[in-house]
């Protein structure tokens, strides 16, 4: 059973707040504020928060998402001189937000908390709808794969990426990170009904890294490539030798982990339509 968001019944205070945001990124040019006239999640959220606070509010997030990518649990922080309760931040902000963005909880935190730099890991899920016929419902929130996928082989293949490695083969050409090294802490592929899902957790991710991993996993799932193919690609350190970049619409930011002393609320991993199917493979 899903856990409801925890919204403390506090009296409100000025200072720093942490906030959890869910959004459908289909109609946004990513998280980060762009030039004037380009729709972004950050700008949309900041406008709503500024109305609640009656002052300009700027937010910092745990992990930026690209155009068309979604989040079930994006964590942000902001500072405000306005004394508002947690409930006021949540319900007031949601009043001004469009239907495809919602605040799930807000809590006061110490000034040392930073949504990006305090996070110890990030977790994403990539959702594939594996069916002969394309979906009419929620087609912008999943990636349709019409060839049968062997989720078990995909799961075995992605285990080759665990640990700290040079992920040059899975890095976008325009990636601006100073290093291709990342530490993947866990990676699993599982099936729930017609959905095949990659769940992956790391200290951080390179630009397009997850979508490129999915692009390499698909030939394994279709049994066009052996399970060992991802290990071979990793060793090559050559993006040109790897697979295609999977579409953005199946990708979800589902969790950022923080040290326990920050005492942030914990929610079930999204997206919510997967939680309705339960935890067992169907």
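Please treat every number below as a calculation from the coordinates, not as lab data. Quick caveat: nothing in here was measured; it's all calculated off a predicted structure. Cβ: placed from backbone, ideal geometry, glycine included. Neighbour counts: every protein chain shown.
Observations on the model:
- Considering the stretch 180-275, the qualifying helices (runs of 4 or more DSSP H), each wholly inside and each with 2 or more residues that are surrounded by 21 or more Cβ atoms within 10 Å (Cβ to Cβ), run over 209-221, 229-236.
- All of (1) over 23 Å from residue 268 (Cβ atoms); (2) in a strand (DSSP E or B) hold for residue 177 with one exception: (2).
- Selection status of residue 221, more than 22 Å from the chain's Cα centre (by Cα) and closer than 22 Å to residue 135 by Cα: yes
- Subset of the stretch 71-91 [in contact with a strand residue (DSSP E or B) (Cβ under 7 Å, 6 or more places away or on another chain) and without any contact (Cβ under 8 Å) to a residue 60 or more places away in the chain]: 76
- Of all residues in the stretch 48-73, those satisfying the criterion of being surrounded by fewer than 22 Cβ atoms within 10 Å (Cβ to Cβ), under 22 Å from the mean Cα position of the chain (by Cα) and not in a strand (DSSP E or B) are 48, 58, 63, 64, 66, 67, 68.
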